[in-house]
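Student: I have a structure here, written as structure tokens, and I will follow up with some questions on it.
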């Protein structure tokens, strides 16, 4: 049966994290959450690329249902890895961006003080 769309793409889109426009950009917890989401997306993409290197075939049929289930399982594993911070990518990114955020805040406060003079 030929489908006019790829169900794996739709499953990936459904699992994708949508950006929140109501986020406080100066909140450290919001930054940490976004860094974890980045790590999650990175790990999921890494799994996808790793699976692309494995030859198909074997015991299980590689139909659409199997591929959708595998993509959903990879998404859950990636989410678990990111929440626990096992790779540390999110933490490193948070440390780097939080320093940048502090510098921007310091520069903004200095501009406000100089304008008051």
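Student: Yes or no: the stretch 27-41 includes at least one residue that is more than 13 Å from the chain's Cα centre (by Cα), outside any loop (DSSP other than H, G, I, E, B), exposed (fewer than 14 other Cβ atoms within 10 Å of the Cβ) and at pLDDT 90 or above.
Tutor: Taking every residue of the stretch 27-41 in turn, none turns out to be more than 13 Å from the chain's Cα centre (by Cα), outside any loop (DSSP other than H, G, I, E, B), exposed (fewer than 14 other Cβ atoms within 10 Å of the Cβ) and at pLDDT 90 or above.
Student: Among the numbered criteria (1) exposed (fewer than 11 other Cβ atoms within 10 Å of the Cβ); (2) closer than 28 Å to residue 29 by Cα, which single criterion is violated by residue 52?
Tutor: Unmet for residue 52, out of (1) exposed (fewer than 11 other Cβ atoms within 10 Å of the Cβ); (2) closer than 28 Å to residue 29 by Cα: (2).
Student: Consider residue 6 against the criteria (1) more than 22 Å from residue 89 (Cα to Cα); (2) modelled with pLDDT of 90 or more: it satisfies all of them except one. Which criterion is unmet?
Tutor: The number of the failed condition is (2).
Student: If we scan the stretch 42-49, do we find a residue that is closer than 30 Å to residue 105 by Cβ, surrounded by 10 or more Cβ atoms within 10 Å (Cβ to Cβ), under 14 Å from the mean Cα position of the chain (by Cα) and modelled with pLDDT of 90 or more?
Tutor: Yes, the conditions are met somewhere in the stretch 42-49.
The values are calculated or read from the model by the stated rules, or taken from the named source; none is laboratory data. Computed from a predicted structure; not experimentally measured. Note that each Cβ is placed from the backbone with ideal geometry, even for glycine, and that neighbours are counted across all protein chains shown.
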